[in-house]
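Peer 1: Sharing a structure here in structure tokens format.
None of the figures in this text is laboratory data; all of them are computed from the coordinates on show. All values derive from a computational prediction rather than experimental measurement. With ideal geometry, Cβ positions are generated from the backbone for all residues, glycine too; neighbour counts draw on all protein chains shown.
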Amino acid sequence: MVRANGAVSLRELARVVQTSEVTVRRDVRALEAEGLLDRRHGGAVLPGGFTRESGFPQKSHLATAEKTAIADLAASFVEEGEAVVVGAGTTTQELARRLARIPGLTVVTNSLLVAQALAHANRVEVVMTGGTLRGSNYALVGSGAEQSLQGLRVTRAFLSGSGLTAERGLSTSNMLSASVDRALVQAAAEVVVLADHTKLGTDTMFQTVPTDLISRLVTDEPPAHDDRAGAELQALADQGVRVSVAGTGAGCGAGGADAAGGAAGSDVMPPGGRGRRDVPLPGQRRTHAAGPGAGLGGPGGTGGPGGQLRGSGGPLGSQEAGERARVADLRRR
């Protein structure tokens, strides 16, 4: 099934072979040990992530709960009347469904799926790039797409990709998609990357956004045993990227409260980390214009979803007690 589709979910495997997900997970682990596939959260993919990209139908079934939570949090950073660009991807498609509720937006996109999600939204103007249709992810790519973005300026860009590392930033396995994403970045004053924890620490062929151009990362909380994702979050924070963690557990839905009593989706330290920074490190190149949500706490400054923790030794915001409790809870878990 993995060879035929490029990726498969544990749930679908369990249904097809009529056994439990626990059994499937154990067998997938054994197949990975033999080098036949690579495990991903909630599924498995073909080995060799540098060269192969799963199609949209396969990616849409992976980490669905995490993508939903990330989209909910990312949408909270957008205010009425903004102009934004939204790249192609399954996570950005989820974001588009939430942007449809915000009046007065102008959304520029190269994704047919993003445009479809916004097609019937009241008071949301959708601007599509030109280009050649890439059927595997329903995106417009090529010189036509890139040329249509020249001279464009918006407040922020929302992008996803195949992998994210502190060393190279966001990357994808397709050259044409990477080139259009770079053009989208050039059009935005602020770059927001949407990436679930399964993409953290994964590196693919073509760089789209270097780390020093990423203003904010919106991700989900890595499992306690996922040391790689936790270390990558800390490294990204150390390089000046604001890390916003979306809650996916019970009681952590959109607008809900987390286990520490703070807002779901607070900006927190990665598990076991020294403390993340909400401002660039000394000497860090940051050229983004300050826009809504560029300061502490998301839209409107400190009043955004959750408080932002400063770096080691820095003062904490007004939600000090709640954030300390959340960090302590993350470390215990």
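Peer 1: State the antiparallel share, in %, of DSSP beta bridges confined to the stretch 96-168, rounding to the nearest 5.
Peer 2: 50
Peer 1: Nearest 5 percent is fine: what portion of the DSSP beta bridges confined to the stretch 110-260 is antiparallel?
Peer 2: Roughly 40 percent of the beta bridges in the stretch 110-260 run antiparallel, per DSSP.
Peer 1: Once you have the Cα-Cα distance between Gln147 and Met128, take 0.36 nm times their residue separation minus that, and quote the gain in nm to one decimal. Kindly include the intermediate steps, with their values, before the conclusion.
Peer 2: Details: separation 19, 0.36 × 19 = 6.84 nm, distance 1.21 nm.
Full-extension gain reported as 5.6 nm.
Peer 1: Taking 0.36 nm per residue of separation and subtracting the Cα-Cα distance, what length does fully extending Glu21 through Ala33 add?
Peer 2: 2.5 nm
Peer 1: Using a ≥ b ≥ c from the Cα gyration tensor of the stretch 174-217 (square roots of the eigenvalues), is it rounded, prolate or oblate, where a/c under 1.5 gives rounded and otherwise the larger of a/b and b/c decides, a/b for prolate?
Peer 2: Because a/c hits 1.5 or more and a/b fails to exceed b/c, the stretch 174-217 counts as oblate.
Peer 1: Using the Cβ atoms and a cut-off under 14 Å, what net charge is assigned to the surroundings of Pro103, where Lys and Arg are +1 and Asp and Glu are -1? All intermediate terms of the calculation are to be shown ahead of the outcome.
Peer 2: Values: positive: Arg98, Arg101, Arg123; negative: Glu79, Glu80, Glu82, Glu125.
Neighbour charge sum, excluding Pro103 itself: -1.
Peer 1: Suppose R0 equals 45 Å; then what is the FRET efficiency for Arg101 and His225 from their Cβ-Cβ distance, rounded to the nearest 0.05?
Peer 2: Computed FRET efficiency for Arg101 and His225: 0.80.
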